[in-house]
Amino acid sequence: MRRLKGTVAAGAIAVASLFAALPTPAPAQGTMNDMLAARQRAASRSDSRLLVDAREIVYNTDRNTVAASGDVELNYQGRTLQADRVVYDRSNGRVHAEGNVRLTDPSGAVTTGSRFELTEDFKTGFIDSLRVEQTMQDRGETLRTRMSAARAERIEGETTTFLRGTYTACEPCREHPERPPLWQVKAARIVHNNEERTIYYEDASLEFLGVPIASVPYFWTADPTVKRMTGFLAPHFIHTTALGFGASTPFFWAIAPDRDLTIAPTFYTRQGVLMQAEWRQRLLTGSYNIRAAGIFQQGQSAFLPSPLGPGNREGRGMVESNGRFAINPQWHFGWNLALLSDKWFLQNYKLRSDTLASNYLLLESTSQAFLRGQGDRSFFDLRGFYFQGLSHADWQKQSPFVAPVLDYDKRVNGPGPIGGEARLQFNFTNLYRRAAQFDPTDFTNLSFPYGSGLTTAAYQSCAVFQRGVCLVRGLAGDFARVSTEVSWRRAFVDDVGQVWTPFTYLRADGFFNSPDVNGYQNAQVANFINPQQEFVGRATPAVGLEYRYPFVADAGALGTHTLTPIGQLIARPNEARIGTLPNEDAHSLVYDDTNLFDWDKFSGFDRAEGGVRANLGLQYNFLAPSGWTANALFGQSYQLAGQNSYAVPDILNTGIQSGLDTRASDFVGRFQINPSQNFSLITRGRFDNSDFSVNSFEAQGVANFNPILPITGSLTYVYYRAQPAIGFTHRREGLQPGAAWNITPNWSIGGSVLFDLDRYLDSREEYLRTYAANFARGGQALANTTLYNRADLYTVAQAALSLGYRDECTTFSINYAMTPRTAATGERETDRTLLVRLELRSLGQASFSQSLGSSATSDGVSSR
């Protein structure tokens, strides 16, 4: 027996009696994936050398063994075996490793144990006190899974069978590692098949904190390294009054690396089977998906009859598709389309749709297709829209189909002699609507021409069709408009720091009108516009000058103060044909600090500001040495000459009571302060020009108390005075506080509440409206039966509350949400939903949704 003592460097000793001495390929330089791939390629070479590193190596020729001890490390075919002592029996080709044994595969998986008995290629054998740890990236985070067993068998490096094994993704407790993890799966046998990338469990039980809570005779899951694999997905459970109890277990089919199909039948005890399917495919330049859902309802009586609900429908469903593709780095196209059988389907069956508006108060599905191009100083956008209202009060015949809408914006340097910046803006819009939409300014002019009274009618209109008491929300027929604007501006800074910015623009608009005056109430549009005007042109040239003179004071430790007076003068002719043209894209007008110095304060192209106007303001900025900032702006606008575009009503009264409809406008202001990155407060308001009373006010404060307290909070308050000329007969006021608290590094709680501070005014108006309707139908006797549902001075219109737990292996959340639903009578009911979700990372997830609210006519659900 010959003994060699000392450290033997890796690669210095080759066991020539075992393997041919051929060079090992050097690992390629690059990413970690490249390194792993290189190791796997090396593992496939049967002639790779065995490299040994140990403090002592002993050759026993009598027993035909080689023993290594002391920090032993063996490398072979991309696998690394580490142990306190390793004995290789050359007679049977077995490797025995003892003491802190650690085997690392080419994939990076680490297997540890007290004793290994393996074949010479480390692929097959038995392991005592086995522990396998895999590390991978999951949704941008590191995930480590652990499998252990008292004894395991390893076969050809592809299959490992754990006897009385456990599986978990939870870290052991640092202070008490002997304690069981938060959750683990125990099984009589766990078979990990690397080739199939699947883990099989036999006679398994799920434990939480060491307590068994569920037993399963047999199940399997994908290997944690798998991103997508054919199989069943996490189940989902739901319960509502109209649907009954429902359960769904989607099936995912990974057809190919670039495409897959998900089929998700949901079984409802009251309505039957809802089938859902989604096809996804990724192509070379983009991806698309197609989703479909449908059901033949078994309990139609759960829903209200038309027009308040889908009670007369047996078959209901939807088809939706989304896609986005790149033509080149500057150009891309796509679509987001949905076709629904009825307006209540998504709400009734709690289905998601990418076409839904993000604003919970706007129940609308918007389908669109687009082509967009973006350059350094240019923008092109071509798209079409199809709107489908999802509220009971939405009539599809009044929703427009808008296509095409073309926008182009190009900026270039001005001509050499004058410099500055020249800009070209172009817009073309075409739309079609079947039925005109009229809206009374108050309830005294309210009528329901397509129903008999408040309880059955769904679509409201005007009783008297004339300006001042009736607004035209949309005209029936085909309408197109083309608008082009060419502008130029340049800023000059003189020797004393004054900034002079002359500008000019020329805008031209052409309206192509083809009103439909047949059917429904379309003939009434003749009271507002001339239906015989098929083409109308409008041109608006303008010239102006903007002046700014910043005064800067550096007060050292007291910060830097900048005070800037701003003046702007714009001269142009009067706006042509106010009130005789369609207004489809300039419905909203909010006058505040953000558009005080806009050349045109209308929100769309259908209106064009005219006359001579001056805009004046004073701006203040502060910057402290510590970094906190503050700014304020206060100003007013003046109509100096010509006709005030905001004082002349159009078919929507846009501009009336906006604060701009007087010669001297309301005052507008803003104040913002940021004491640090963690705190901010911004307020803005509009104040009456005669008595400085508040016409509108908005305030929002955000606070982050980290690292002192793990709490963040916000408070938002809004107030808008009544604007009866545009249909808001009373003030609008609301308050919304919100907060989130990380109770511990793992537990958090959060929520927000929206208080409706003018709800009682709705109740009062509803009483008067119902009283008038009952009087018209049955005289004083019926009117006296009208009930007044008194409301508190404030109402919780929306609320959300969440409790969550998250660690490296578990995500658990309970979410409560209350959102408003507008009933057929105008009264707001509530939709309360409780959602419970549990995810065991790498194993699966489950969720349960429970509807807690009473039914209301807004979602077409009957009270039965």
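Before moving on, here are some points about what is shown:
- For beta carbons closer than 7 Å, sequence separation of 6+ or different chains, a first residue in region 840-852 that is farther than 18 Å from CYS170 by Cα and without any contact (Cβ under 8 Å) to a residue 40 or more places away in the chain and a second that is of a type in the set (A, V, I, L, M, F, W, C) and surrounded by 15 or more Cβ atoms within 10 Å (Cβ to Cβ), the qualifying pairs are LEU852/LEU834.
- Residue in region 93-115 that is nearest to ALA83 (Cα to Cα), counting only those that are within 51 Å of the chain's Cα centre (by Cα) and of a type in the set (A, V, I, L, M, F, W, C): VAL101
- Among the residues of region 605-632, those identified as in contact (Cβ under 8 Å) with a residue 60 or more places away in the chain and either open to solvent by 40 Å² or more (accessible area, probe 1.4 Å) or among the hydrophobic types (A, V, I, L, M, F, W, C) (or both) are PHE605, ALA608, ASN621, PHE622, LEU623, ALA624, PRO625.
- Applying the criterion of being open to solvent by 30 Å² or more (accessible area, probe 1.4 Å) and of a type in the set (Gly, Ala, Ser) to the residues of region 479-523, the residue that is modelled with the lowest pLDDT is GLY519.
- Applying the criterion of being of a type in the set (S, T, N, Q) and within 17 Å of ILE295 (Cβ to Cβ) to the residues of region 323-353, the residue that is surrounded by the most Cβ atoms within 10 Å (Cβ to Cβ) is ASN348.
- Long-range neighbours under 6 Å by Cβ, at least six apart or interchain, first residue among the small types (Gly, Ala, Ser) within region 495-517, second surrounded by 14 or more Cβ atoms within 10 Å (Cβ to Cβ): ALA508/THR484; GLY510/VAL482; SER514/GLY477; SER514/ASP478
- Test for GLN77: is it at pLDDT below 80 and either farther than 29 Å from ALA222 by Cβ or surrounded by 19 or more Cβ atoms within 10 Å (Cβ to Cβ) (or both): yes
- Test for ASN689: is it part of a loop (DSSP other than H, G, I, E, B), open to solvent by 30 Å² or more (accessible area, probe 1.4 Å) and either of a type in the set (Val, Ile, Thr) or in contact with a strand residue (DSSP E or B) (Cβ under 6 Å, 6 or more places away or on another chain) (or both): yes
- Yes/no for LEU754 being loosely packed, with under 15 Cβ neighbours inside 10 Å, at pLDDT 70 or above and either touching a Pro at 6+ places or on another chain (Cβ under 8 Å) or not acidic (Asp, Glu) (or both): no
- In region 217-239, the qualifying residues are those that are open to solvent by less than 60 Å² (accessible area, probe 1.4 Å) and part of a strand (DSSP E or B), and the one that is modelled with the lowest pLDDT is ALA222.
- Against the conditions (1) under 19 Å from THR266 (Cβ atoms); (2) crowded, with 18+ Cβ neighbours inside 10 Å, GLU314 satisfies every one except (2).
- Enumeration of residues in region 421-447 that are in a loop (DSSP other than H, G, I, E, B) and surrounded by 17 or more Cβ atoms within 10 Å (Cβ to Cβ): ARG434, ALA435, ALA436, THR441
- Looking across region 359-373, the residues that are at pLDDT below 95 and either of a type in the set (Val, Ile, Thr) or open to solvent by 40 Å² or more (accessible area, probe 1.4 Å) (or both) come down to ASN359, TYR360, LEU361, LEU362, LEU363, GLU364, THR366.
The values are calculated or read from the model by the stated rules, or taken from the named source; none is laboratory data. All values derive from a computational prediction rather than experimental measurement. Note that each Cβ is placed from the backbone with ideal geometry, even for glycine, and that neighbours are counted across all protein chains shown. Protein only, heavy atoms only, side chains kept; ligands, DNA and RNA dropped before computing areas. Shrake-Rupley method; radii C 1.70, N 1.55, O 1.52, S 1.80 Å.
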